[in-house]
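The values are calculated or read from the model by the stated rules, or taken from the named source; none is laboratory data. Source: prediction; values computed, not measured. Every residue, glycine as well, gets a Cβ built from its backbone with ideal geometry; the counts of neighbours run over all protein chains shown.
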Amino acid sequence: MRTGPATETDRPADRARLRPATAADAGFLAEVLLEAFNWAQPRFTLEEILRTPSIAHYVTDWPRPGDFGVVAEDGPGRPVGAAWARTFPADDPGYGHVDPRVPELTLGVLPGHRGRGIGGALLDTLVAQAARARVDLSLSVEDGNPAVRLYAARGFVTVGREGNSDTMLLRLTGTPTDHPRT
């Protein structure tokens with residue numbers, strides 16, 4: 001498993017440049033959140049996502065203290081994907097919540113840019129950021145979502161199940177974590 005971020009030398013020319021996510025990316029993160037929820041087919045609109053508190057809290061007030069993320073840009077500098085992580089309190093958990101101390105990651109790549117390794121590069125960079133911050137990462141992945149292979153290849157393991165989704169965890173700290181939703 002690669003633990004460091006992708007570099008220019010290990011990215012093909014058609015892959016994106018990566019940069020830290022900033023407050024100016026909040027609108028784009030909402031678009032990526034929509035893509036993450038609509039991974040198989042359109043099920044939600046951006047307006048529905050942002051009106052639903054249990055979904056909107058993934059991007060509301062981005063960035064909050066402790067949030068971290070990365071944005072992928074194409075050659076002309078247009079954002080094409082993003083991955084970010086934030087913690088949620090026990091009384092307002094995310095779908096992949098395992099503990100209020102464990103940030104939950106969200107990752108998505110715009111449809112025209114998938115299959116080029118951008119998601120893997122985003123994930124590797126976010127994992128490196130989490131390792132530097134000395135935190136584990138969790139996520140939720142629905143049945144049938146091919147991204148589960150990417151997560152498993154990077155060391156995420158299933159620690160729980162909620163409805164038709166697995167909760168996965170990547171331990172980077174070696175610290176035991178309670179799993180209230182398993």
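Could you look through region 21-62, keep only residues that are charged (D, E, K, R) and closer than 23 Å to residue 125 by Cβ, and pick out the one that is surrounded by the fewest Cβ atoms within 10 Å (Cβ to Cβ)? I'd like the intermediate steps shown before the answer.
Step one: list which residues in region 21-62 are charged (D, E, K, R), which gives 25, 31, 35, 43, 47-48, 51, 61.
Add one more test, that the residue is closer than 23 Å to residue 125 by Cβ, and what stays is 25, 31, 35, 61.
On the way: 25: 22, 31: 17, 35: 17, 61: 11.
Among residues in region 21-62 that are charged (D, E, K, R) and closer than 23 Å to residue 125 by Cβ, the one surrounded by the fewest Cβ atoms within 10 Å (Cβ to Cβ) is 61.
If you check 73, 104, which single one turns out to be within 17 Å of residue 34 (Cα to Cα) and at pLDDT 95 or above?
Values: 73 fails: within 17 Å of residue 34 (Cα to Cα).
Within the list 73, 104, the selection yields 104.
List the strands (runs of 3 or more DSSP E) that sit entirely inside region 68-182 and contain at least 2 residues that are within 19 Å of residue 25 (Cα to Cα). Walk me through it before giving the result.
Details: elements: 68-73, 79-86, 104-109, 137-142, 157-162, 165-170.
By residue number, 68-73, 79-86, 104-109.
On the basis of being in contact with a strand residue (DSSP E or B) (Cβ under 7 Å, 6 or more places away or on another chain), aromatic (Phe, Trp, Tyr), under 23 Å from residue 18 (Cα atoms) and part of a loop (DSSP other than H, G, I, E, B), does residue 58 make the cut? Spell out the reasoning first.
Details: in contact with a strand residue (DSSP E or B) (Cβ under 7 Å, 6 or more places away or on another chain): yes; aromatic (Phe, Trp, Tyr): yes; under 23 Å from residue 18 (Cα atoms): yes; part of a loop (DSSP other than H, G, I, E, B): yes.
So residue 58 fits the description; yes.
Restricting to region 101-118, name every residue that is closer than 23 Å to residue 133 by Cα, out of contact with any Pro (no Cβ under 9 Å at 6 or more places or on another chain) and buried (at least 20 other Cβ atoms within 10 Å of the Cβ). Working first, answer last.
At the first step, the residues of region 101-118 found to be closer than 23 Å to residue 133 by Cα are 101-108, 118.
Imposing the further condition that a residue be out of contact with any Pro (no Cβ under 9 Å at 6 or more places or on another chain) reduces the set to 101-103, 105-108, 118.
Within region 101-118, 102, 103, 105, 106, 107, 108, 118 qualify.
Looking at (1) surrounded by 13 or more Cβ atoms within 10 Å (Cβ to Cβ); (2) modelled with pLDDT of 95 or more, find the lone condition where residue 157 falls short.
If we test residue 157 against (1) surrounded by 13 or more Cβ atoms within 10 Å (Cβ to Cβ); (2) modelled with pLDDT of 95 or more, just (1) comes out false.
Any residue at all in region 7-23 that is at pLDDT below 95, of a type in the set (Val, Ile, Thr) and part of a loop (DSSP other than H, G, I, E, B)?
Yes: one or more hits.
Every residue in region 24-55 that is over 14 Å from residue 85 (Cα atoms), without any contact (Cβ under 8 Å) to a residue 60 or more places away in the chain and either among the small types (Gly, Ala, Ser) or in contact with a Cys (Cβ under 9 Å, 6 or more places away or on another chain) (or both), please.
Hits for region 24-55 are 24, 27, 54.
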